[in-house]
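These notes are about the structure you will find just below.
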Amino acid sequence: MSEAPFIPYNRPAMGDEEAAAAAAAVRSGWITTGPRVREFEEAFAALVGAPHAVAVSSCTAGLEIALAALDIGPGDEVLVPAYTFASSVTVIAQRGATPVLVDISEDDCNIDPAAAARAVTPRTRAILPVHFAGQACRMTDLQALARQHGLRTIEDAAHATWTRDGDRMVGSIGDATAFSFYATKNLATGEGGMVTTADAALADRLRRLSLHGMSRDAWARYTAAGTYRYDIVEPGYKANLGDIPAAIGLVQLRRLPQLQARREAIAQRFNAAFAGEPALDPPAERPGTRHAWHLYPLRLRLERLRIDRDTFIAALRTAGIGTSVHFIPIHYYSYFRQRFGWRAGDYPVAERTFEREISLPLYPDLADEQVERIVEQTVAIAREHAR
Ligand SMILES: *Cc1c(COP(=O)(O)O)cnc(C)c1O
């Protein structure tokens, strides 16, 4: 048993500046969607090189209004990776559309463009790629497929604030891109998200859908220039972001280059330490991309070990290190199996990846001494149980 304090799996990089910004928003008297949200949208749009950004209450809500704004619904099929967080798929089901799972590529754990091409049918309307861990999907290939079949591209960029594919920032690529500012993400506001798009009409519809389908937003209603009158022009959602999380987001956005530099340094330290270990398969960065390192997904080479992934996790826990696993494949969840008839064995790369994946702690506030403990303990466990 380790004497040093437990290293939690995740800890948000929240400091005095975030606290002061949230307090200032509280004291300003404007706590719902207002000037700080507008400022946050503009600053985020500038970061990712998108002409428009609409702040939302979560990435999940952002994906759902993006599907709605693109009129995707019953009868439509949407391609989505089998290896993702559940909400990439629940949003499709919520719209009454049909999710069509696609297996991932072994190298980057992202949707496999060739498998996606095989999954296209006359009903396919959109593709919903997920930039796993912060590693960019092969967007050039996916966009070529989308063009060929007239598909919309809606990206789940929950892990991909800061990710670049070639010279394009994620957020400036697909028809719509949804980001997450959930507590564990690279840029955190507790709960929150952003949808970016280059299409002005789509941005207007996203904004409207995020607030009841109202013809003007609350922000305009209560200013000196506003009036109480508004219209409801379609049945919208309630998915707007408030000014308190936006105030935190503005601080996080300013700190992002430093926070990302620290993530990058930790990931590179892990990669260097694990590269020579026969039982460890560290994540590779696809050339020409910039990884956001939201996660550090270490894969085990199980054929080189006498223990399975869960036993490895238990050993890390005993050594004082918290971990997580990303992801339980979508077709393992009972609802999806019953509703869509998916079976174990259907998506073999996703299944194999799940069986051998451990997400190690990776966050800016990890001290160098903690990073070294994670390295030492991980290597020690791998060697002790080598086959
Ligand atoms: C976190 C996450 C989401 C959901 O983000 P929320 O902001 O919590 O809705 C969606 N997709 C992926 C891949 C995620 O990791």
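Please treat every number below as a calculation from the coordinates, not as lab data. Bear in mind that the values here come from a model prediction, so they are computed numbers and not experimental data. Positions of Cβ are generated from backbone atoms using ideal geometry, with glycine treated the same way; all protein chains shown enter the neighbour counts.
Helical content alone sets the calculated 222 nm signal of the chain at -12000 deg cm²/dmol, taking -39,500 (n - 2.57) per DSSP H segment of four or more residues and averaging over every residue.
Beta bridges from DSSP with both residues in the chain: antiparallel share about 60 percent, rounded to the nearest 5.
Order by neighbour count: E277, E77, E369, fewest other Cβ atoms within 10 Å first, most last.
Ordered by Cβ neighbours within 10 Å, fewest first: E369, E277, E77.
Charges were assigned to the Cβ only: +1 to each Lys and Arg, -1 to each Asp and Glu. The resulting dipole of the chain about its Cα centre is roughly 520 debye. The GNM of the chain, with springs linking C-alpha atoms under 10 angstrom apart, assigns the highest mean-square fluctuation among G236, G322, G75 to G75.
Taking 11 Å as the cut-off, no amide N atom of region 330-371 comes nearer than this to a point 7 Å along the Cα-to-beta-carbon line of F6. Calculated translational diffusion coefficient of region 90-242 (20 °C, 1.002 mPa s; Stokes-Einstein with Kirkwood radius over alpha-carbon pairs) equals 125 µm²/s. Per-peptide packing, taken as the mean over residues of other Cβ atoms within 10 Å, places 279-285, 295-301, 134-140 in the sequence 134-140, 295-301, 279-285 from highest down.
Can you tell me what percent of all Cα-Cα pairs in region 288-336 are more than 15 Å apart?
63 percent
Contour minus end-to-end for E369 and K238, with contour as 0.36 nm per residue of separation and end-to-end as the Cα-Cα distance? Going from the current span to full extension adds 42.7 nm. With distances taken between every two different alpha-carbon atoms, the chain has a Kirkwood hydrodynamic radius of 21.7 Å.
Over the chain, Cα pairs under 8 Å with separation of 6+ residues give a relative contact order of 23 percent.
Full extension of the chain segment joining A380 with A284 gains 32.4 nm, where the gain is 0.36 nm per residue of separation less the Cα-Cα distance.
Note on the chain: dipole from Cβ charges, positive end direction compared against A86, P257, T318; the farthest Cα belongs to A86.
Placing a pseudo-label 7 Å from each Cα along the Cα-to-Cβ vector at R254 and R216 gives an inter-label distance of 3.2 nm.
Each 5 Å bin, from zero up to the one with the longest distance, holds this percent of the alpha carbon pairs of region 188-310: 2, 8, 12, 13, 12, 11, 9, 9, 8, 7, 5, 3, 2, 1. Based on every Cα atom in region 18-63, Rg and the maximum pairwise Cα distance Dmax equal 12.0, 32 Å.
Could you please tell me the mean projected area of the C-alpha convex hull for region 241-334, averaged over all directions and given in square nanometres to one decimal?
Working: hull surface 40.2 nm².
Hull-based average projected area comes out at 10.1 nm².
The magnitude of the dipole of region 33-137, with charges of +1 and -1 set on the Cβ of Lys/Arg and Asp/Glu and taken from the Cα centre, is near 300 debye. Each of Y228, Y335, Y83 has some number of other Cβ atoms within 10 Å of its Cβ, and from fewest to most they run Y228, Y335, Y83.
In region 37-75, which residues have a backbone nitrogen under 19 Å from the label point lying 7 Å from A93's Cα in the Cα-to-Cβ direction? Answer for this model: 59-68, 72-75. Name the residue farthest towards the positive end of the dipole of the chain from the options A275, V56, T98, assuming +1 on Cβ of Lys and Arg, -1 on Cβ of Asp and Glu, about the Cα centre. With unit charges placed on the Cβ atoms, the residue in question is T98. Evaluated with a Cβ-only charge set (Lys, Arg +1; Asp, Glu -1), region 195-275 carries a dipole of roughly 280 debye about its Cα centre, given to the nearest 20.
Between Y228 and A314, what length comes free when the chain is fully extended (0.36 nm per residue of separation minus the Cα-Cα distance, one decimal in nm)?
25.1 nm
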